[in-house]
Amino acid sequence: MNTLIRLAALWRKETLALLRDRHGLAALFLMPAIFILVMSLALRDAFVPGMPADLGYAIVDIDRSEASQALEQQLAGIDVLREFGVLESESVAREAVASGRIAFVLVIPQGFAAQMASTRSATADPGPTLRMLADPTVPLAVRNGFRQQVEAEVTRLQLTGLLGRIGRSLMIPELHELASNAPPPQVLTEAVRGTGVGDEAGNATPQALPSSVQQNVPAWLIFSMFFVVVPISAVFIAERQHGTLQRLATQQVSFGLILAGKLLPFFVVNQVQAVVMVLVGQHLVPLAGGEALVLPASAASLFALWLMAAAVSLAAVAWALLIASVARTSEQATVIGGVGNILMGAIGGIMVPKFVMPATMQPLTQISPMAWALDGFHRVMLRDGVATDILPPAIALVSFALAALGVAILLNRRALRATR
């Protein structure tokens, strides 16, 4: 109970110190908002929103008829899409689409050939329906284009069969009327969600490219979260210089508790930053003529976004406490923290997107915690990922935070013992 009282008092002290630094708070919110607005508009035409690097399609042929094979041959003539052939089952197809290896899978149902030969009226039951499994990161216009191409090929197949039947029936006029009343082919599209981070063998899969706003909102949000190093280090070093830390130590307040007292206020600031930056992407960027940021609709994906924001915040605050423990003055902390953040942002795909970098440099991004954070946000924003999908980058960020806090505690314990 005594520990909780002390912790609450430390939270109150840190909150008051934070609120007094109005210029620092303003920088934490204005800087990323300006960057998001300017960069989203400046790079609006430099991104192909959501376009995978290698579009392709496959087929699941349940009907296994001459008509389904004829449709497969006609679709093979689509030059803009890579053909992945015929898959053995719908479950395999769903896995391939969810992992990002294939953009589209056309499922030809049982009874397709009979439907092509049908002369039922349009009011009758249309029978089996073609289904298209689609990667949700593929732009809607591309999905609709492929669906329309499939419908056109099915219609061509239907007309070819009609002409054959007319020829065999000695051109009987009634067949024209019956065929014209046949129900038109339908293709139902279903988006198959998944993370698309690799296949079972660990091979990289085609990555969906973010739009300008999908890149810049999470990127500059991460960058701004890590810039809490400036206000945290200023308060921390001032407390050290004024003897506040020494006085707390003499009152049996552990340094771990002191760090915990600093974590919560700045964690809350980071969460407010996240909300504000998302609102900037949703409302301010489109007002200025850019694309609006669209968040996933499911509660599971929104929860995953919050988990990523929480993991980034822990890493950022822990990094700031480590810098404050290493630096002797506020100027040193500002220089070390600022330069460190800029380097992590430059290497981690914040300032220059990873997919723009040369292939030889892209693996280097993984040494930056900011790259882990951006990867986690993109897993949710581009593929509607859930908590399990963002576990690898989130765990990496939390591990980084624990390591930074551990080093900070050791450094400060050594410093306190040296002053006694």
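Taken together, the values in this text are just the output of simple stated rules run on the coordinates, not laboratory data. Nothing here was measured: the structure is a model prediction, and the numbers come from that model. Virtual Cβ from ideal backbone geometry, glycine too; neighbours counted across all protein chains shown.
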| note | If amide H atoms are modeled at 1.01 Å from N in the peptide plane, then the residues at a separation of 5 or more from LEU130, or on another chain, having amide H under 5 Å from its own are GLN186, LEU188
| field | Relative packing of peptides 364-374, 265-275, 221-231 - highest average C-beta neighbours within 10 Å first | value | 221-231, 364-374, 265-275
| query | Of the peptides 383-394, 27-38, 102-113, 332-343, how do they stack up when ordered by the mean number of other Cβ atoms within 10 Å, highest first? | reply | 102-113, 383-394, 27-38, 332-343
| Can you work out ³J(HN,Hα) from phi for every residue in segment 326-335, in order, using Karplus 6.51 cos²θ - 1.76 cosθ + 1.60 and θ = phi - 60°, giving whole Hz and x for Gly and Pro? | 7, 6, 9, 10, 5, 5, 4, 4, 5, 5
| said: Could you work out how much longer the chain between VAL356 and HIS283 gets when fully extended? Use 0.36 nm per residue separation minus the Cα distance between them, nm to one decimal. | reply: 23.6 nm
| request: For GLN366 and VAL326, calculate 0.36 nm times their separation in residues minus their Cα-Cα distance, and state this gained length in nm to one decimal. | output: 12.0 nm
| said: Please compute the volume of the convex hull spanned by the alpha-carbon atoms of segment 277-322 and report it per residue in Å³. | reply: 76
| query | How would you classify segment 337-420 from its alpha-carbon gyration tensor, with a ≥ b ≥ c the square roots of the eigenvalues: rounded for a/c under 1.5, else prolate if a/b is greater than b/c, otherwise oblate? | reply | oblate
| field | Size-normalised alpha-carbon gyration radius of segment 311-363, reference 2.2 N^0.38 Å | value | 1.37
| field | Distant-in-sequence amide H partners of VAL60 (H built 1.01 Å from N, under 5 Å) | value | LEU87, LEU106, VAL107, ILE108
| field | Amide H contacts of LEU295 (H built 1.01 Å from N, under 5 Å, at least 5 apart or other chain) | value | none
